[in-house]
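Enquirer: Supplied in structure tokens, the structure appears directly below.
The values are calculated or read from the model by the stated rules, or taken from the named source; none is laboratory data. Please read these numbers as outputs of a predicted model, since none were measured by experiment. No Cβ is skipped: glycine too gets one built from the backbone with ideal geometry, and neighbour counts run over all protein chains shown.
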Amino acid sequence: MFVALATSAGQRPERRDRRSIVEDTEEADMPLVGIGHLTMLDTAPPDWVSLAHDAGFDAVGIRAKAIGPTEEEWPMRVGSPMLAETLRRMTDTGVRVLDAELIRIDPQTVVASYEPLFETAAALDASFINVMGDDPDLYRARDTFAALAEAARPYGLRPAIEAIPYMQTKTLSDAAVLVGESGGGIIIDPLHLQRSGGTPGDVGALDPKLIAYCQLCDAPLAAPHNLPRPRELPRGQSVEGITDLALEARAVRLLPGDGELPLAEIIAALPAGLAFSVETPNVALLESLGPLEFARRARQAVAHLFAVAAPTDGARIAP
């Protein structure tokens, strides 16, 4: 359990140039690398920042908004002790927040209900708000996304949609239609790309300006079948009726290099200057290794991947 210290909840950490964070390291010319909160959703945001720093990450994602009735939400609203402590640790470590999550677009989405999430994300100095689309009417979802982008803009936030094959916005093509001219972006997720039938060529065919950042994970090429169902998932994520694809994405991902996904080809198809975020929730491996060793291995896996894939131009987060 984190220990909260007296810090103003409205305090925002100084935006740090990435070179000041990683200078004098052997990887100073590498892109910015973060780690997504889904990787260890049971870790409280202040401890998540500290853990990321200790494992060598530049940034984190923060799950500040639950997406289901059974998921227990971290108390991260503006004015909360947990937000204040998270900001303090960001200042102490230099770790920044790449993305805050999560918004789920469905037919009943009320954009104004996400105002507290925007406020928290702005306090964290996040760049992106992660979104998933679960409205069967893609054009209605496009209108909702545009309204989200307009509402988030005054906070300095860019909504970014993730194409997920077991949701309604399933493919990169769907995501591109949904984003349209809103000014939002698309998150590239190698697992979802593979499971939706996409290829690195589909990534390269996107307008580069649409790509917000790229997540990193690995998996077998073949989709899973009849995965054992756990009794529970981190933070009470629902397991009722969960599909194999959803369970794989939330609890059985592999570290980069441990599977068969064409990660080097995906990276080669990306525009220069993107940030990356490791999203590798694996309940069994985490239980075996413990949080810090798991995170260190994830960071080492990215270093090995980049040694092969050789992404160009040290990345800063796009405005």
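Enquirer: Against the condition over 18 Å from Y213 (Cβ atoms), under 19 Å from the mean Cα position of the chain (by Cα), in contact (Cβ under 8 Å) with a residue 24 or more places away in the chain and surrounded by fewer than 18 Cβ atoms within 10 Å (Cβ to Cβ), how does T171 come out, does it pass?
Expert: Numbers: over 18 Å from Y213 (Cβ atoms): yes; under 19 Å from the mean Cα position of the chain (by Cα): yes; in contact (Cβ under 8 Å) with a residue 24 or more places away in the chain: yes; surrounded by fewer than 18 Cβ atoms within 10 Å (Cβ to Cβ): yes.
Yes.
Enquirer: Can I ask one more? From the list D58, D47, which one is under 16 Å from the mean Cα position of the chain (by Cα), more than 18 Å from E162 (Cβ to Cβ) and modelled with pLDDT of 95 or more?
Expert: Working: D47 fails: under 16 Å from the mean Cα position of the chain (by Cα).
Answer to the selection: D58.
Enquirer: For the subset of the stretch 143-157 comprising residues that are surrounded by fewer than 21 Cβ atoms within 10 Å (Cβ to Cβ) and not hydrophobic (A, V, I, L, M, F, W, C), which member is farthest from L263 (Cα to Cα)?
Expert: P154
Enquirer: On the given criteria, is R250 among the basic types (K, R) and at negative phi?
Expert: Values: among the basic types (K, R): yes; at negative phi: yes.
Against the criterion (among the basic types (K, R) and at negative phi), R250 qualifies.
Enquirer: Can you pull out the residues in the stretch 123-140 that are in a helix (DSSP H, G or I) and over 12 Å from I62 (Cβ atoms)? I'd like the intermediate steps shown before the answer.
Expert: Step one: list which residues in the stretch 123-140 are in a helix (DSSP H, G or I), which gives 123, 138-140.
Matches in the stretch 123-140: L138, Y139, R140.
Enquirer: Against the definition (more than 16 Å from T120 (Cα to Cα), in contact with a Leu (Cβ under 8 Å, 6 or more places away or on another chain), among the acidic types (D, E) and modelled with pLDDT of 95 or more), how does D42 come out, yes or no?
Expert: Against the criterion (more than 16 Å from T120 (Cα to Cα), in contact with a Leu (Cβ under 8 Å, 6 or more places away or on another chain), among the acidic types (D, E) and modelled with pLDDT of 95 or more), D42 does not qualify.
Enquirer: Against the conditions (1) buried (at least 21 other Cβ atoms within 10 Å of the Cβ); (2) touching a Ser or Thr at 6+ places or on another chain (Cβ under 7 Å); (3) at pLDDT 90 or above, where does P291 fall short? Just the number, please.
Expert: So P291 meets the others, but not (1).
Enquirer: Something else now. Give the stretch 236-274 a look and list any residue that's part of a loop (DSSP other than H, G, I, E, B), of a type in the set (A, V, I, L, M) and modelled with pLDDT of 95 or more, or say none.
Expert: Start the filter on the stretch 236-274 by keeping residues that are part of a loop (DSSP other than H, G, I, E, B), which leaves 237-243, 253, 255-262, 270-274.
Narrowing the set further to residues that are of a type in the set (A, V, I, L, M) leaves 239, 242, 255, 261, 270, 272, 274.
L255, L261, L270, L274 - these are the residues of the stretch 236-274 that are part of a loop (DSSP other than H, G, I, E, B), of a type in the set (A, V, I, L, M) and modelled with pLDDT of 95 or more.
Enquirer: Next question. Does I164 satisfy being free of Cβ contacts under 8 Å to residues at least 40 places away in the same chain, β-branched (V, I, T) and on the phi < 0 side of the Ramachandran plot? Spell out how you get there, then give the answer.
Expert: Numbers: free of Cβ contacts under 8 Å to residues at least 40 places away in the same chain: no; β-branched (V, I, T): yes; on the phi < 0 side of the Ramachandran plot: yes.
In short, no.
Enquirer: Looking only at residues in the stretch 234-274 that are over 23 Å from A212 (Cα atoms) and of a type in the set (D, E, K, R), which one is surrounded by the fewest Cβ atoms within 10 Å (Cβ to Cβ)?
Expert: E240
Enquirer: I've got another one for you. Restricting to the stretch 78-97, give me the number of residues that are part of a helix (DSSP H, G or I), charged (D, E, K, R) and touching a residue at least 60 places away in the same chain (Cβ under 8 Å). Reasoning before the result, please.
Expert: So the first thing to find is which residues in the stretch 78-97 are part of a helix (DSSP H, G or I), and the list is 81-93.
The next check asks that each one be charged (D, E, K, R); those that pass are 85, 88-89, 92.
Restricting the remaining residues to those that are touching a residue at least 60 places away in the same chain (Cβ under 8 Å) gives 85, 88.
Here the count works out to 2.
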